[in-house]
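One structure below.
The values are calculated or read from the model by the stated rules, or taken from the named source; none is laboratory data. None of the values given here were measured: they were computed from a predicted structure. Quick reminder, even Gly has a Cβ in these numbers, built from the backbone with ideal geometry, and neighbours come from all protein chains shown. Just so you know, the surface numbers come from the protein's heavy atoms only, side chains and all, with ligands and any DNA or RNA stripped out. Shrake-Rupley method; radii C 1.70, N 1.55, O 1.52, S 1.80 Å.
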Amino acid sequence: MFNPLLTAFVCAADCGSFTKAADALFISPTAVMKQINALEDHLGLELFQRTSHGVILTAAGKQIYEDAKFLFEYSRQSVANARRMTEQNERLFCVGTSMLNPARPFMELWYRISRDFSDYKLHLVPFEDNHEGILKEISQLGKKFDFLIGVCDSKMWLHQCNLLPLGRYRKMCAVPREHRLAGKRSLEISDLYGETLMMVAEGDSGVNDFIRNDLTRNHPAIKIEDTPHFYDISVFNRCAETGHVLLTLECWQDVHPALVTLPVNWDYSIPYGLMYALNPPEDVHRFVHAAAKLQQAANAPQSDGRA
């Protein structure tokens with residue numbers, strides 16, 4: 001709902017440096033400068049004074065900075081207001097959707113349960129995968145949206161929501177298309193020796209901490225580089241720009257067109273599921289109960305028909 005170049009602009013203004021903004025956004029300084037230059041060209045304004053010690057907002061830049069902050073909040077409020085207007089007229093479930101947490105798995109669940117909710121409609125609510133703002137989005141469960149489906153092994157996420165486990169996604173590796181490993185159909189762990197493997201920083205995910213410890217102990221030839229605790233598109237951009245290997249998931253194979261995602265001969269996987277508010281309303285609780293029964297039926301051992 002706003003020019004995406006504003007994100008780099010606000011970050012650069014907050015950091016006072018294109019280099020520091022690049023670190024915060026997990027992209028290269030060149031990419032930050034290109035986005036700022038593109039925004040200045042688009043607006044026909046000089047937003048920063050470039051100095052040897054960093055960047056300083058011009059008078060025009062200060063005005064755009066203040067208005068950009070307002071636009072970010074206004075966009076969030078606009079979605080919330082739209083939901084309230086819709087709810088006045090019909091019963092519905094609001095489902096969050098983003099590039100890394102798409103609503104498609106929820107839709108597959110919905111079509112198996114919807115007969116019990118024939119008077120409900122679905123409303124998809126887009127949100128941004130931003131590693132700095134995702135916790136605020138998760139805290140909006142029960143307000144901005146009723147459900148999210150996605151990977152959830154984060155202690156910080158689970159402090160803010162309930163989770164109904166639905167399955168597991170395989171851990172895979174993504175590499176740039178020109179990378180030496182890109183032509184392989186699958187990888188062995190030994191293929192990663194000498195490579196830099198990007199993965200989430202330690203301390204928030206039990207699964208990822210286990211993987212890190214296993215690789216560090218048993219495969220020290222793999223260098224590990226920390227990413228933010230929560231992936232966003234900047235992490236995939238950094239993989240494409242640096243030529244490093246990214247620890248990713250089978251469900252994210254098509255996130256970045258410059259990357260190739262490959263299966264690895266290991267047993268690493270991570271749970272995903274249905275996220276909902278800590279204190280959900282009755283209809284959300286009823287939907288979760290129906291989804292849990294469906295999961296139990298799917299996981300029940302099948303009889304071979306013999307007495």
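Listed values, structure above:
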quantity: Residue that is farthest from the chain's Cα centre (by Cα) [pool: residues in the stretch 129-142 that are buried (at least 19 other Cβ atoms within 10 Å of the Cβ) and among the acidic types (Asp, Glu)]; calculated: Glu137
quantity: Residue ID - surrounded by the most Cβ atoms within 10 Å (Cβ to Cβ), chosen from residues in the stretch 49-85 that are free of Cβ contacts under 8 Å to residues at least 40 places away in the same chain and assigned to a strand (DSSP E or B); calculated: Gly54
quantity: One residue from Ile27, Ile36 being part of a loop (DSSP other than H, G, I, E, B), touching a helix residue (DSSP H, G or I) at 6+ places or on another chain (Cβ under 8 Å) and among the aliphatic types (A, V, I, L, M); calculated: Ile27
quantity: Top-ranked residue in the stretch 200-211 [being within 13 Å of Trp266 (Cβ to Cβ) and in contact (Cβ under 8 Å) with a residue 12 or more places away in the chain; ranked as most open to solvent (accessible area, probe 1.4 Å)]; calculated: Val207
quantity: Sole residue being at pLDDT 90 or above and touching a strand residue (DSSP E or B) at 6+ places or on another chain (Cβ under 7 Å), chosen from Cys152, Cys94; calculated: Cys94
quantity: Cβ-Cβ under 6 Å pairs, at least 6 apart or on other chains, the stretch 152-164 side surrounded by 15 or more Cβ atoms within 10 Å (Cβ to Cβ), far side assigned to a helix (DSSP H, G or I) and not small (Gly, Ala, Ser); calculated: Asp153/Val207; Trp157/Ile138; Gln160/Ile138; Cys161/Ile138; Leu164/Val288
